[in-house]
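Here's the structure, in structure tokens; my notes come after.
The values are calculated or read from the model by the stated rules, or taken from the named source; none is laboratory data. Since the model is a prediction, treat every value here as computed from it, not as a measurement. Methodologically, a virtual Cβ is constructed for each residue, glycine included, from the backbone with ideal geometry; neighbour enumeration extends over all protein chains shown.
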Amino acid sequence: MENKRTPVIQLKGITKRFGTKVLANDNITMDILDGEVLALLGENGSGKTTLLNMLSGIYYPDSGEIYVKGRRVSIKSPHDAFLLGIGMIHQHFKLVNVFTATENIVLGLKEKGGLDLKAAANRIREICDEYGFDVNPNQKVYDMTVSQKQTLEIVKALYRGADILILDEPTAVLTPQETEKLFSVIRNMQAAGKTIIIITHKLQEVLAISDRVAILRKGEYIATVKTSEATVSSLTEMMVGKSVGLNIERPEVKERSLRLKVSGLSCRNADNIEVLKDVSFEAYSGEILGVAGISGCGQKEMLEAIAGLQKLEPGAEITYTHPSGETETLIGKSPKQIRKMGVSLSFVPEDRLGMGLVGGMGMVDNMLLKDYNRGPSPLTDKKPSKELAERIHDELGVVTPSLSTPVRMLSGGNVQKVLVGRELASAPTVLMTAYAVRGLDINTSYVIYDLLNEQKQKGVAVIFVGEELDVLLALSDRILVLCGGRISGILDARTATKEQVGYLMTNIPEAEEGGNADDSQK
């Protein structure tokens, strides 16, 4: 059956540069077959998203030819792409929060006789019934989960006539249950004759859902292989260019001692909605405490509260124990005050460019920000910051034209490398990371896991918010599960199963008081 498929898209000699130093795509020639699920793999900065952005009309190639269904085309805008039946669902959704699902779907469309929202809603229901989507046409976007927003983006593309869909990191923030539901929908779309192209770093998912896998390396096309003939190891070797070990180490906990004690943590967001409800737990030196939960269940607020970035409800307590045994309360303290107390706390936030780094600055200046108020005239002495930037650049393999290139010009994975490298370099006693490997290729992800284990062995208390349950179970010593802003369980990662964690992620504990389903933390 597969051999009878014909190319629906042909790329011939596609080249794309950014400035004079960045060659994102170098003479790429490859075919995408009609009705297949094609996974596009490559390390961070390999040119995957750039290539597909040219298919979706966001970028225009410097040279080369694109053929769609046998006809040479010029795709200069997303509108051009839609006219050719190509729709791209981006990792960061393009939705208007205050609009309904229907209003978002028809936004910008020109219909004969004007827009009929009732008729549009009926058409949306027909699409949902055909492919197995679950979308309420009248629901406001701000009331939707991440999974619902992603579903809405896919329905929007189908409503506008797309029969070639590009999904950029579609499972990045989904639970295992939501991922399987998405895969079921992808299979339904493929059965209906759609062509689906997926960018992802999750190799097990590639093997589960795709028909073929295309690999890019440093902007060049390497090969396309049948998924049935591939393994995680073979795909990784093709991406990286060498054999890579894929075992996550979990050193035994040594000299475990209390570092953080969090009690009764509750807080509200800007809309006065309670996002954390009576959260209590302990974090110990020399261990990794994994944090699992559906996106938006309070992980972000919990870490920000500990870092001094969230206003808390009365009754909360956060106590830090120094290695000497002396205790300090962190409640009501700003990040600057926490540092002045001698508390060495590092935080890798979920929002890389909004909170973690300054997008308009290069690597050197972003290193400088961490220590701008320490020592004599640090603004006139950039040597330590430059040395640190060079070390992170070399050790983590940051792809950048130069150390002074604004970090917003880098790929998402390279931005994350800069941020993680900077925070690890500050010799913390508590290290908190929110999705430290999100958007990172598998090779760099394992480098980060090794770095986290190094911190653990140095006696650092590591709090690791993750989204891949396999990784959380393999890397962590304990796993704290959040659901609806409450702790639904704290499990021993060595004995817990993926199913147990997934269940706790979607089930609010019965007890309204306390909310800790399992107190195996002690």
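Beta carbons closer than 7 Å, at least 6 apart along the sequence or on distinct chains, pair a first residue in the range 151-176 that is closer than 18 Å to residue 9 by Cβ with a second that is modelled with pLDDT under 90 and assigned to a loop (DSSP other than H, G, I, E, B) for 168/90; 168/91.
Taking the numbered list (1) in contact with a helix residue (DSSP H, G or I) (Cβ under 7 Å, 6 or more places away or on another chain); (2) within 30 Å of residue 503 (Cβ to Cβ); (3) not hydrophobic (A, V, I, L, M, F, W, C) in turn, residue 426 passes all entries but (2). Residues in the range 450-509 that are closer than 17 Å to residue 174 by Cα and not assigned by TED's automatic domain parsing to the domain that holds residue 287: none. What is the residue count in the range 454-491 for residues that are more than 25 Å from residue 266 (Cβ to Cβ), acidic (Asp, Glu) and at pLDDT below 95? Residues flagged as more than 25 Å from residue 266 (Cβ to Cβ), acidic (Asp, Glu) and at pLDDT below 95 within the range 454-491 amount to 3. Those strands (runs of 3 or more DSSP E) of the range 254-349 in which at least 2 residues are in contact (Cβ under 8 Å) with a residue 24 or more places away in the chain and in contact with a Ser or Thr (Cβ under 6 Å, 6 or more places away or on another chain), considering only elements entirely within it, cover 258-268, 274-284, 287-292, 317-321, 345-348.
Report yes if residue 413 is outside the structural domain of residue 22 (by TED's automatic domain parsing), within 21 Å of residue 23 (Cα to Cα) and modelled with pLDDT of 90 or more, otherwise no. No: the conditions fail for residue 413.
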